[in-house]
Amino acid sequence: MSEFECLKEVDICPWSCEFDVVDEDWLFKLLHFKPRRKRLLKTPVLIVYAYINRPYILDLHERVSVVRKMLEAGLDVWMVDWGYPKRADKYYRIEDYIDYIDRCVNIIKKKKKVDKVTLHGYCLGATLSTIYSTLHPENVKNLVVQAPPINFHTDNTLAVWARNIDPDKVARAMGNASGDFLNFAFLLVDPIRLTVEKYQALLNRLDDRKFVHDFLYMDHWIFDSPAIPGCVYEEYITRWYHRNEVIEGKFDVNGQKVDLRKITMPTLLLVADRDHITPPDCAIPFYEKIPSKDKLMLRVNKGHIGLTVSSSAHRELWDKAIKWIVERSK
């Protein structure tokens, strides 16, 4: 048998937990995961992932599924899926994403007969969740923000590039910012490590079945990237990266200003110390600025995605994070 045969043995099937599609609105979907316990905690959790990647990173496979951990803890877990935008979706705007979060929250409130939800945002989903929580604080019992880009004026390579790109030219040339375009930018942040060294490591460890399994699942997720609608790309690069409007209180949705002083609900901040996408400097100014009297920051020495899929992060961080959510969900 060839030493490469092990690559064929991995059947990549992300989404380890069963779910129902509860709502569809053109591109967007609301997913509801099937519970693991008969008695669920009172407050549902709505997970909002970034619109630049697929949300199944939180349920990649059984060994590193944050969703599975939540379900096993008795949480009622829901998730937004932003879909795969096509060229016809170019004119979506950030307000459309905020409006759909509101729609999902209201669906959950009605179905579960509750007044509030726990909102859990990851990466740009954390930005959206924070914005929503300032606009509709009456609907959010707890806010969980994971690797959140809130302060966009940081010195990491990606942020420096974003501040120096003309998103209008990209949108005019491409219509949407394609997944391939975005992936190329992410790889160029550290091209030797993310291309040469990464695949050399795979060749060196072909006899390690667990490593090969995890590698192929991650690689599948990395390159399964949706496009960003052109107007959304233009808006978030200009208003967030160029002008840093969210942390400075200048961002608005339909004329309503985003005021971080309205983040008074219990807030959990999850930070990866080696995050080259949203380093701690993206999050710490937000943590210091919000007036919540019940706030906690948990940190782990991992990267942007390792925060979710590394075994050590599951051991060191996720048990504590889920315990925090559970205690505030009764």
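The values are calculated or read from the model by the stated rules, or taken from the named source; none is laboratory data. All figures in this text were calculated on a predicted structure; none of them were measured in a lab. Quick reminder, even Gly has a Cβ in these numbers, built from the backbone with ideal geometry, and neighbours come from all protein chains shown. What goes into the accessible areas is simple: the full protein's heavy atoms, side chains included, and nothing from ligands, DNA or RNA. Shrake-Rupley method; radii C 1.70, N 1.55, O 1.52, S 1.80 Å.
Tabulated values for the structure
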item: Pairs where the first residue, in the stretch 18-30, is of a type in the set (Val, Ile, Thr) and the second is open to solvent by less than 20 Å² (accessible area, probe 1.4 Å) and not in a strand (DSSP E or B), C-beta under 8 Å, 6+ apart; result: none
item: Test set (1) open to solvent by less than 40 Å² (accessible area, probe 1.4 Å); (2) in contact with a Ser or Thr (Cβ under 6 Å, 6 or more places away or on another chain); (3) free of Cβ contacts under 8 Å to residues at least 40 places away in the same chain - Lys295 fails condition number; result: (1)
item: Helices (runs of 4 or more DSSP H) contained entirely in the stretch 163-254, each with at least 1 residues that are loosely packed, with under 13 Cβ neighbours inside 10 Å and in contact (Cβ under 8 Å) with a residue 60 or more places away in the chain; result: 209-222
item: Asp155, sole failed condition from (1) open to solvent by 50 Å² or more (accessible area, probe 1.4 Å); (2) in a helix (DSSP H, G or I); result: (2)
item: Among the residues listed as Phe28, Phe19, Phe4, Phe33, the single one being of a type in the set (Phe, Trp, Tyr) and at pLDDT below 95; result: Phe4
item: Given (1) within 15 Å of Ser65 (Cα to Cα); (2) open to solvent by 60 Å² or more (accessible area, probe 1.4 Å), number of the condition Glu288 does not satisfy; result: (1)
